[in-house]
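This report refers to the structure that appears directly beneath it.
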Amino acid sequence: MNPKSIIGENIEKESLFPSGLPFKSYNDKVLLVSGDGSITFYNTRYRQSYRALSTGAYTESLMKFFIPSGLLEKTVNKDLRVLDVCFGLGYNCAVAFDRLSSVSSPYRVHVVSIDKDETLPELVNTLKILFPTKGYGILRKCLATGRCGRFSMELHIRNALEVIWDLRGNFDAVFFDPFSQPRNPEMWHLDVFKRLRELLAEGGKLLTYAGGKKVRRIMEEAGLNPSDTPIARGAFMPGTVAVRS
């Protein structure tokens, strides 16, 4: 099947399908090139791409998740714990590993990641064109052995709505990255944000790409104080960084 016919209205620009990269599909996922040249996928089940095509997969993870998390500043002073809700293609983890590996620090970084799609780790291991290269190298080693230098990771292939209740808290950052509220409404429920608030360490931050008023009202009701992330080039709106109110 032609990917353009699958994606329909969601993809309008021919430039998103460069002639040098053939169409490829993996189960319910269609490979795309995003605005900054990094790779993402369109999920035909949820009818949405894993990353904003206009902004770019790498850029969105950097600007809406990693930079506003404050992890780069914290890694020189303490061990870090990061909760990654909805692993996807691993961009948030890979960008974090890439940036944190540039800092000389004796402190460890442990990531707890969750996704119910068991095919995603295989994609990460198979697609060597994923960027940042160094960050994905660390991520692949962590997926294989659980550790790479000062970085360690555990990946739960389960429904996040089940896993979050089994976790202990004190996370310095929560990367909250499910499909959007219209496509994946159960993930944006008030009880989910209340639980994520409980899991935050003192001074911890919740990060998400979504910046709409409805989502932020739910956060506020859950006891979080949301504000804007930096606006990436090509983005229509900022993401959200939230702390305990």
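Counting only C-alpha contacts under 8 Å and six or more residues apart, can you give the relative contact order of segment 144-245 as a whole percent?
Relative contact order of segment 144-245: 24 percent.
Which is the longest stretch in the chain that no exposed loop site breaks, taking sites as GluC sites (Glu not before Pro) with a DSSP loop state and at most 11 other Cβ atoms within 10 Å? Show your work: numbers first, answer last.
On the way: sites that count: Glu12, Glu118.
Formally, the longest exposed-site-free interval is 119-245.
Checking the a/c ratio against 1.5 first, then a/b against b/c, what shape does the Cα gyration tensor give for segment 57-244? Please list the in-between numbers first.
Details: a/c = 1.38, a/b = 1.31, b/c = 1.05.
Rounded.
Remind me, relative contact order of segment 57-244 in percent, using alpha carbon pairs under 8 angstrom and six or more residues apart? Please list the in-between numbers first.
Working: 363 pairs, mean separation 44.9, N = 188.
Computed value for segment 57-244: 24 percent relative contact order.
Any of Lys64/Lys128; Lys134/Lys214; Lys128/Lys213; Lys24/Lys116 with alpha carbons more than 31 Å apart? Name them for me.
Details: Lys64/Lys128 24 Å; Lys134/Lys214 37 Å; Lys128/Lys213 38 Å; Lys24/Lys116 22 Å.
With Cα atoms farther than 31 Å apart: Lys134/Lys214; Lys128/Lys213.
Relative to the longest principal axis of the C-alpha atoms of the chain, give the angle of the C-alpha long axis of helix 190-199, reported between 0 and 90° and rounded to the nearest 10°.
Around 50 degrees separate the two axes.
For Leu224, Leu127, what's the fewest-to-most ordering of other Cβ within 10 Å of each Cβ? Don't skip to the end; give the middle numbers.
Values: Leu224 22, Leu127 15.
Listed from fewest to most nearby Cβ atoms, that is Leu127, Leu224.
Measure nothing fancy, just the Cα-based angle from helix 91-100's long axis to the longest principal axis of the chain, in degrees from 0 to 90, nearest 10.
Computed tilt is about 60 degrees.
By its C-alpha gyration tensor, with a ≥ b ≥ c as the square roots of the eigenvalues, how is segment 60-115 shaped: rounded for a/c under 1.5, else prolate for a/b larger than b/c, else oblate? Working shown, then result.
Numbers: a/c = 2.01, a/b = 1.48, b/c = 1.35.
Here segment 60-115 falls in the prolate category.
Which residues make up the longest stretch of the chain clear of trypsin sites (Lys or Arg not before Pro) that lie in a DSSP loop with no more than 10 other Cβ atoms within 10 Å, not counting the sites?
Values: sites that count: Lys13, Lys128, Arg168.
Between the exposed loop sites, the longest stretch runs 14-127.
So what's the angle, to the nearest 10 degrees on a 0 to 90 scale, between helix 133-145 and the longest Cα principal axis of the chain?
70 degrees
Readers should treat all values here as calculations from the given coordinates under stated rules, not as data from a laboratory. Keep in mind that what you see is a predicted model, and the values were worked out from it rather than measured. Cβ sites come from the backbone with ideal geometry, for glycine too, and all protein chains shown count toward neighbours.
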